[in-house]
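Only one structure is covered here, and it is reproduced in the block below.
The values are calculated or read from the model by the stated rules, or taken from the named source; none is laboratory data. Keep in mind it's a predicted model, so treat the numbers as computed, not measured. Areas reflect the complete protein model, heavy atoms only, side chains present, ligands, DNA and RNA absent. Shrake-Rupley method; radii C 1.70, N 1.55, O 1.52, S 1.80 Å.
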Amino acid sequence: MMEAMGWISLSPSTDGEHAINQTEDLLKKVLKLIGSFQSINQFIELKELNGNNYLLIGINHNHNNGIIESVEQLIKNIGLLSKGCYGIVYVRDDESLENVNFRAIKLARGRVDIAEDSLLSPCNPTIED
């Protein structure tokens with residue numbers, strides 16, 4: 001099983017001071033990036049909450065089939081669009097030879113870091129027998 005869940009806050013600047021057209025331009029670019037991600041057993045969608053924009057990611061597949069790598073690349077591409085974007089996506093791939101626990105993909109100031117998770121891992125015994 002492969003699952004990924006998380007969010008990215010979409011902002012064209014790190015100081016919170018930006019024009020509406022900058023936000024609209026960023027959202028158009030992100031929509032273009034996520035166009036190919038719509039399929040069964042997953043969602044990647046934009047949501048506006050209280051005037052802020054978020055990319056929500058939810059994926060649950062039986063096998064990876066390259067989706068994890070695609071999500072990582074999507075997050076890297078969003079980081080290239082704006083250093084004001086930030087967020088975290090948790091990934092679990094129980095078929096991975098190197099990691100059967102959770103990893104966190106973090107985006108902050110245009111940089112993507114992938115780290116072992118300490119909140120839900122190790123999966124056994126933290127969340128399963």
Inset, instruction - Please calculate how many Å² of accessible area the chain carries per residue, with a 1.4 Å probe and no DNA, RNA or ligand atoms counted. - result: 60 Å²
Inset, instruction - Return the label of the correct value of semi-axes √(5λ) of the Cα gyration tensor in Å, as calculated from the structure shown, out of [x] 42, 17, 14; [y] 35, 15, 12; [z] 28, 16, 12. - result: [z]
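At a 1.4 Å probe, what is the % contribution of carbon and sulfur to the accessible area of the chain?
Accessible surface attributable to carbon and sulfur in the chain totals 50 percent.
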Inset, instruction - Take every Cα pair under 8 Å in the chain that's 6+ residues apart, average their separations, divide by the length, and report that relative contact order as a whole percent. - result: 29 percent
Legend entry - For the stretch 17-79, projected area of the alpha-carbon convex hull averaged over all directions, nm²: 4.8 nm²
